[in-house]
Amino acid sequence: MKNQSVKKKGVLIDIWKARELFLLILPGIIWYIVFAYIPIYGLSLAFKQYKANLGIFRSPWVGLENYKYVFRDPAFMESVFRTIVINFGRIIFQFPFPIILALMLNEVRVNRYKKILQTIYTFPHFLSWIVIASIMVNVLDSRGMVNAIITMLGGEKFNFLGNTRFFKPLLYITENWKSSGWTMIIYLAAISGIDIEQYESAKIDGASRLQTIWHITVPSIKSTMIVLLVLQVGNIMTQGFDQIFNISNPATAKAGEILDIYIYRITFQGTADFSFSTAVSLFRSVINFIFLITADRVTKALGSDGLFA
């Protein structure tokens, strides 16, 4: 008991010595408690039959009854499959793009030109998907710029935005344009931490720029790449709502109904059933957690550092 009290006293002394740091992180801790941890109780709605007059606390408990209805809905299973397909496609077609962009920009030797390019690549990140959807309409609509050029050259108009075959490519292209420059900054920061002597030694040994990139730069940012990849895999079930919600239209609505769009539809576009939508949201979070842990374990099995000890 005496040892425990001494340890507690020592901890309190350490906290007091670092009180400025604890005060600095206090707002963040309060934010997480209020907006992340307290709302967790709302997930109990997944196992209740929500009644507005009774509220969350007094609504009757129904156990797994909501999940019986969830898994009977064909639209739910279709949205799960569609979400996995679209977002695994993001890993294939989007994840490498900011890495390539960072490697290319790092090879630019004129600093002024490099800063201009970095600003150009980063700017789209600050545009909302509403603005980007408006740009797409003006460019790719039947009366947009691209079709105007096609008809001017004697061709026929093509419905880019209403064609389901072009829906996924448009998702990947617009997401790359919007977010690659922002993610590129993370890789550039990792590259800036590489010891410059390695490049000087490679230059003395006669290594080409491509060999330097492949044997020095890429291995040095490998840990950053793995962390971002694991995090992206852990968000497989929750990526793309804002983008798809703004870009899709009635012609492509079915092709773009991922799980988040499905939750939005059953919650706000019909008779609201908050218990049902909460059950789907909880399922989505559990699947994300499974993907995250699996990706972390796979990276460790391959000899790399994961997110968790």
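The values are calculated or read from the model by the stated rules, or taken from the named source; none is laboratory data. Computed from a prediction, not measured in an experiment: that's the story for all the values here. Here Cβ is always computed from backbone atoms with ideal geometry, including for glycine, and neighbour counts include all displayed protein chains.
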Residue that is farthest from F71 (Cα to Cα), among those in segment 291-309 that are surrounded by 13 or more Cβ atoms within 10 Å (Cβ to Cβ) and among the hydrophobic types (A, V, I, L, M, F, W, C): L307
Filter result for G181 (surrounded by 17 or more Cβ atoms within 10 Å (Cβ to Cβ), farther than 20 Å from I100 by Cα and at pLDDT 90 or above): no
Answer from V110, V62, V146, V131 - the residue that is under 26 Å from the mean Cα position of the chain (by Cα) and of a type outside the set (S, T, Y): V131
Of all residues in segment 200-235 being surrounded by fewer than 16 Cβ atoms within 10 Å (Cβ to Cβ) and hydroxyl-bearing (S, T, Y), the one that is nearest to A301 (Cα to Cα): S223
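Give the residue, chosen from I221, I194, that is in contact with a helix residue (DSSP H, G or I) (Cβ under 6 Å, 6 or more places away or on another chain), closer than 16 Å to F97 by Cα and assigned by TED's automatic domain parsing to the domain that holds Q118. Give the steps one after another, and end with the answer.
On the way: I194 fails: closer than 16 Å to F97 by Cα.
Matching residue, one of I221, I194: I221.
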Verdict on I132 being assigned by TED's automatic domain parsing to the domain that holds Q243, surrounded by fewer than 15 Cβ atoms within 10 Å (Cβ to Cβ) and assigned to a helix (DSSP H, G or I): no
Any hit, segment 225-235, residues being without any contact (Cβ under 8 Å) to a residue 24 or more places away in the chain and out of contact with any Asp or Glu (no Cβ under 9 Å at 6 or more places or on another chain): no
Lone unmet requirement of (1) closer than 27 Å to Y50 by Cβ; (2) part of a loop (DSSP other than H, G, I, E, B) for A255: (1)
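Residues are listed down the side, and each one gets a yes or a no for (1) in a helix (DSSP H, G or I); (2) exposed (fewer than 10 other Cβ atoms within 10 Å of the Cβ):
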| residue | (1), (2) |
| --- | --- |
| G28 | yes, yes |
| L43 | yes, no |
| K51 | no, no |
| I56 | yes, no |
| K68 | yes, no |
| A75 | yes, no |
| S79 | yes, no |
| G89 | yes, no |
| I99 | yes, no |
Which listed residue is in a helix (DSSP H, G or I) and surrounded by 18 or more Cβ atoms within 10 Å (Cβ to Cβ), from Q243, Q239: Q243
Count - residues of segment 152-167 that are crowded, with 17+ Cβ neighbours inside 10 Å and in contact (Cβ under 8 Å) with a residue 60 or more places away in the chain: 2
Single residue of I261, I290, I266 found to be more than 19 Å from the chain's Cα centre (by Cα) and in the same structural domain as I221 (by TED's automatic domain parsing): I266
Set G63, G144: member being at positive phi and free of Cβ contacts under 8 Å to residues at least 24 places away in the same chain: G63
